[in-house]
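Right, one structure below, let's go through it.
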Amino acid sequence: GENVEQHPSTLSVQEGDSAVIKCTYSDSASNYFPWYKQELGKRPQLIIDIRSNVGEKKDQRIAVTLNKTAKHFSLHITETQPEDSAVYFCAASMRSNYQLIWGAGTKLIIKP
Amino acid sequence: DSGVTQTPKHLITATGQRVTLRCSPRSGDLSVYWYQQSLDQGLQFLIQYYNGEERAKGNILERFSAQQFPDLHSELNLSSLELGDSALYFCASSVDARGGLDTQYFGPGTRLTVL
């Protein structure tokens, strides 16, 4: 069936370094890929998204890249700060019912 | 603040009971989605309504049901509650009927504890 695999499950980086989270999807017809950030006890919030007609999108310290051939997309956070500590979820659209299928999440820890 | 509201914030109840969770979408959004998030787990899609009609179903148990009213607010009903139903329940809304193609805005969630 359709699924999204997200790696790593936990990522610990030094403050100021870069962090990369990768997701692999199975549905070749997927064409929308959002990333959400969830701080402890809070709601998930969209931080960036990309559609299949674009290979890369940037928003200040955050970027997302998409490789349709390999069916994977990645979140890149540069110059990490303590407030980047959170759980990050990727998702991909499913052709079967036009819903999102979600990755399992990555807990990002920024070490001071 | 996403503009999506959920009540109550917290709910504590006993096994076997029934509860109702309420969600009001952002102004102008016609789609409402319900998600379940167990402790330290991912987001499990339960069900979507669009303009009053059920649009898509995910991993929703038969003991759970939902509806969307003419004013577009939605309610999620959970019955015969079990300990394993303890979780955060999120509501999200979007403009489009196709949840996989549109930005979903999440509410603050309802934390359900079943004792």
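Residue by residue, the stretch A:53-67 carries 3J(HN,Hα) couplings of 8, 10, x, 8, 9, 10, 8, 6, 8, 10, 9, 10, 10, 10, 10 Hz when phi is fed to the Karplus relation 6.51 cos²θ - 1.76 cosθ + 1.60 (θ = phi - 60°); x denotes Gly or Pro. Solvent exposure of B:Ser79, expressed as accessible area, is near 30 Å², computed with a probe of 1.4 Å over the protein chains only. Using alpha carbons only, the radius of gyration of the stretch B:22-115 set against its Kirkwood radius gives Rg/Rh = 0.95.
Between beta-carbons, use under 14 Å as the cut-off and find the net charge around A:Gln81, counting Lys and Arg +1, Asp and Glu -1. Walk me through the intermediate numbers first.
Numbers: positive: A:Lys37, A:Arg61, A:Lys111; negative: A:Glu15, A:Asp17, A:Glu39, A:Glu79, A:Glu83, A:Asp84.
Net local charge, A:Gln81 excluded: -3.
Pairwise Cα separations in the protein assembly as shown fall into 10 Å bins from 0 onward with the following percentages, short to long: 8, 33, 35, 19, 5, 0. Measure out, as a whole number of angstrom, how far apart the alpha-carbon centroids of the stretch A:1-52 and the stretch B:70-110 sit. Between the Cα centre of the stretch A:1-52 and that of the stretch B:70-110, the gap is 20 Å. Across the protein chains, with a 1.4 Å probe defining accessible surface, the residues B:Arg98, A:Arg95 rank A:Arg95, B:Arg98 from largest area downward. When a 1.4 Å probe is rolled over the protein heavy atoms, the share of accessible surface on the protein assembly as shown that falls to carbon and sulfur comes to 47 percent. The count of lysine pairs in chain A whose Cα atoms are under 26 Å apart, excluding pairs fewer than 8 places apart on the same chain, comes to 27. Name all residues of the stretch B:1-44 having a backbone nitrogen under 13 Å from the label point set 7 Å from the Cα of B:Leu83 along its Cα→Cβ direction, giving them as ranges. The answer is B:15-16, whose backbone nitrogens lie closer than 13 Å to the label point.
The values are calculated or read from the model by the stated rules, or taken from the named source; none is laboratory data. Since we're looking at a predicted model, the values are computed, not measured. Note: ideal-geometry Cβ built from the backbone for every residue, glycine included; neighbour counts use all protein chains shown. Accessible surface is based on the protein model in full, side chains and every heavy atom, while ligands, DNA and RNA are left aside. Shrake-Rupley method; radii C 1.70, N 1.55, O 1.52, S 1.80 Å.
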